[in-house]
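One structure is given below, encoded as structure tokens.
The values are calculated or read from the model by the stated rules, or taken from the named source; none is laboratory data. Remember, predicted model here, so these are calculated numbers, not experimental data. Positions of Cβ are backbone-derived with ideal geometry, glycine not excepted, and every protein chain shown enters the neighbour counts. Each accessible area value is taken on the protein alone, full model and side chains, heavy atoms only, with ligands, DNA and RNA left out. Shrake-Rupley method; radii C 1.70, N 1.55, O 1.52, S 1.80 Å.
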Amino acid sequence: MTETIITEKMVFGGDCISKIDGKTVFIPYAIPGEKLKVEITQDCGDFYRGKIAEIIEASPDRTIPFCKYYGKCGGCNLQHISPSAQEKYRAQILKDTFLREGIDPGQIEVISGADKGYRTRYQFHDGGLMEKFSNNIVPIDSCPCAVPEINHYLSEVPFDQRPDGRVHVFASDKITSVPEGFDKIIIAEETRPQVQKEIVRKRDRTPTGRKLPKVKKIQKRFAGTTINPANFCTLSLNGKSINFDVQGFFQSNLDVLEKTIPYVTGGLSGKNVLDMYAGAGTFSVFLADNFDKVTLVEHNRDALVFAEQNLAGKKHESFGVSGEVWTKYHAEKCISSGDNFDAVVIDPPRSGMEKSVCQWLCASDIPQIRSISCNAATHARDAKFLIRAGYKLKKLFLLDFYPQTCHIESLAWFEK
């Protein structure tokens, strides 16, 4: 079935919607306000899925995609839209998400950077990237969104000579743990407990000749982690050294991250601050400059090993437990042993704050909360509960970490 429609708005995921026979149809690679001939590809009961058969009247925001793999590679899905318009649509999706929860966020400020050549972190699958909507591998030889160090690797190492399996790669000119004269790229090695001792004992250099960094002694409470020193990375961010494991999570857009950090940590000060879901302690490193003590909570103990290194010499306390466990067994003790927290920085996973964490925050009377999220829906949901508890949403930011995609990250300032 083919129908002529005019697209309405862009929704979460990057598709545009319209109506056919009273049912919503989701159309990828469309832009709001376009007149299209659409072919229905799937009837999902309550809604249709369609594809563009013909563009009758194109949006002025439409542009020619710049990547030869666009539409096949599973990465970008908004290259057909001009960068400034993409930013506008992502901000509108973020605002609509908050409005659906009954929250008017007002004017959304956008923190952005370059629209190409920004991405530092990749997961390659058998040397390539996953094809959209399939398990097939796209054997790429370049990526316009990648930093030069990644593209140098892709151009120099033939597809059939790249590592098998899923491999984490991180590259940036901000890496300081790779000596000058070497390519600033780290290709993660597999970390397995049974081979870890052999890796450490037999080799003090990576296959590319990079000398492994010395590992500081780990506190006993974090014993049992299975970190491979070959995967260590040290970055210079806003004048600070940050250590992490390239097999773990780290932001892919360092330019926007450096711009974001002052919005997350700036203007906060006092005796005690809580960094909930702290990861490797990136925000804590900056918070430590303005607080007497930083408390970190992070269930991933491998990440917390690096947080301990990053906070060395700063007064802090780390808890390698989930947010739920911390609020149940440790929060009251932390507060009773000193003053209440003056501020909280919270950066939960896509699922949002754990219910117990959100409830604890709502009852806490902590005056300042800076909330970061990689999921607009759960961010808006959690914001609703904070506002019901008496917090005011002072400002909402779009953190534009992933140009050319529909991915949305956000930062909210709450005050009480």
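Going residue by residue through region 83-90, is there one that turns out to be of a type in the set (Asp, Glu) and free of Cβ contacts under 8 Å to residues at least 60 places away in the same chain? No, because not a single residue in region 83-90 is of a type in the set (Asp, Glu) and free of Cβ contacts under 8 Å to residues at least 60 places away in the same chain.
State yes or no: is residue 377 open to solvent by less than 30 Å² (accessible area, probe 1.4 Å), within 23 Å of residue 322 (Cβ to Cβ) and part of a helix (DSSP H, G or I)? When the stated conditions are applied, residue 377 does not pass them.
Taking strands (runs of 3 or more DSSP E) that do not extend beyond region 97-191, which have at least 3 residues that are without any contact (Cβ under 8 Å) to a residue 60 or more places away in the chain? Spell out how you get there, then give the answer.
Details: elements: 109-111, 121-125, 166-171, 185-187.
In region 97-191, the matching strands (runs of 3 or more DSSP E) lie at 121-125, 166-171.
Scanning region 58-95 for residues that are of a type in the set (D, E, K, R) and either modelled with pLDDT of 95 or more or in a helix (DSSP H, G or I) (or both) yields 61, 62, 68, 87, 88, 90, 95. Entry remark, region 13-47: residues being out of contact with any helix residue (DSSP H, G or I) (no Cβ under 8 Å at 6 or more places or on another chain), assigned to a loop (DSSP other than H, G, I, E, B) and either modelled with pLDDT under 95 or surrounded by 16 or more Cβ atoms within 10 Å (Cβ to Cβ) (or both) number 12 in total.
Okay, residues lined up against (1) under 17 Å from residue 368 (Cβ atoms); (2) free of Cβ contacts under 8 Å to residues at least 40 places away in the same chain:
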position: 227; (1), (2): no, no
position: 253; (1), (2): no, no
position: 256; (1), (2): no, no
position: 269; (1), (2): yes, no
position: 304; (1), (2): no, no
position: 307; (1), (2): no, yes
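Flag: residue 97 does not match the condition of being over 30 Å from residue 386 (Cα atoms) and of a type in the set (Val, Ile, Thr).
Do you know which of the residues in region 293-342 that are part of a helix (DSSP H, G or I) and of a type in the set (S, T, N, Q) is farthest from residue 242 (Cα to Cα)? Can you show your working first?
Our first condition is that a residue be part of a helix (DSSP H, G or I); within region 293-342, this holds for 301-310, 323-329, 331-336.
The next check asks that each one be of a type in the set (S, T, N, Q); those that pass are 309-310, 327, 336.
Values: 309: 9, 310: 6, 327: 27, 336: 31 Å.
Once the filter is applied, the top-ranked residue is 336.
Look at (1) β-branched (Val, Ile, Thr); (2) surrounded by 16 or more Cβ atoms within 10 Å (Cβ to Cβ); (3) under 21 Å from residue 251 (Cβ atoms) and you find that residue 97 fails only one, number (3).
Quick one: which residue in 164, 173, 115 is touching a Pro at 6+ places or on another chain (Cβ under 6 Å) and either open to solvent by 30 Å² or more (accessible area, probe 1.4 Å) or modelled with pLDDT of 95 or more (or both)?
Working: 164 fails: touching a Pro at 6+ places or on another chain (Cβ under 6 Å); 173 fails: touching a Pro at 6+ places or on another chain (Cβ under 6 Å).
Checking each option against the conditions leaves just 115.
Checking 273, 294, 305 one by one, the residue that is in contact with a His (Cβ under 7 Å, 6 or more places away or on another chain) and open to solvent by less than 10 Å² (accessible area, probe 1.4 Å) is 294 and no other. Taking each residue of region 1-12 that is under 11 Å from residue 31 (Cβ atoms) and open to solvent by less than 60 Å² (accessible area, probe 1.4 Å) and looking for partners that are of a type in the set (D, E, K, R) and not in a strand (DSSP E or B) with beta-carbon atoms closer than 9 Å, six or more apart or interchain, yields 7/34; 10/90. What are the residues in region 343-372 that are within 24 Å of residue 289 (Cβ to Cβ) and outside any loop (DSSP other than H, G, I, E, B), if any? Within region 343-372, 343, 344, 345, 346, 361, 368, 369, 370, 371, 372 qualify. Taken over region 266-292, residues that are closer than 16 Å to residue 233 by Cβ and either of a type in the set (Asp, Glu) or assigned to a loop (DSSP other than H, G, I, E, B) (or both) amount to 3. For region 61-88, the set of residues classified as crowded, with 21+ Cβ neighbours inside 10 Å and of a type in the set (Phe, Trp, Tyr) consists of 69 only. Applying the condition of being open to solvent by 20 Å² or more (accessible area, probe 1.4 Å) and in contact (Cβ under 8 Å) with a residue 12 or more places away in the chain to region 335-352 and asking which residue is nearest to residue 238 (Cα to Cα) yields 347. In region 361-402, which residues are under 19 Å from residue 260 (Cα atoms), over 14 Å from the mean Cα position of the chain (by Cα) and β-branched (Val, Ile, Thr)? 369, the sole residue that qualifies.
Taking every residue in region 59-73 that is within 19 Å of residue 133 (Cβ to Cβ) and pairing it with any residue that is among the β-branched types (Val, Ile, Thr) and surrounded by 15 or more Cβ atoms within 10 Å (Cβ to Cβ), at least 6 positions away or on another chain, the pairs with Cβ-Cβ distances below 8 Å are 69/138; 69/140; 72/138; 73/138; 73/140. If we scan region 396-405, do we find a residue that is among the acidic types (Asp, Glu), over 23 Å from residue 269 (Cα atoms), surrounded by 16 or more Cβ atoms within 10 Å (Cβ to Cβ) and in contact with a Cys (Cβ under 6 Å, 6 or more places away or on another chain)? No: zero hits.
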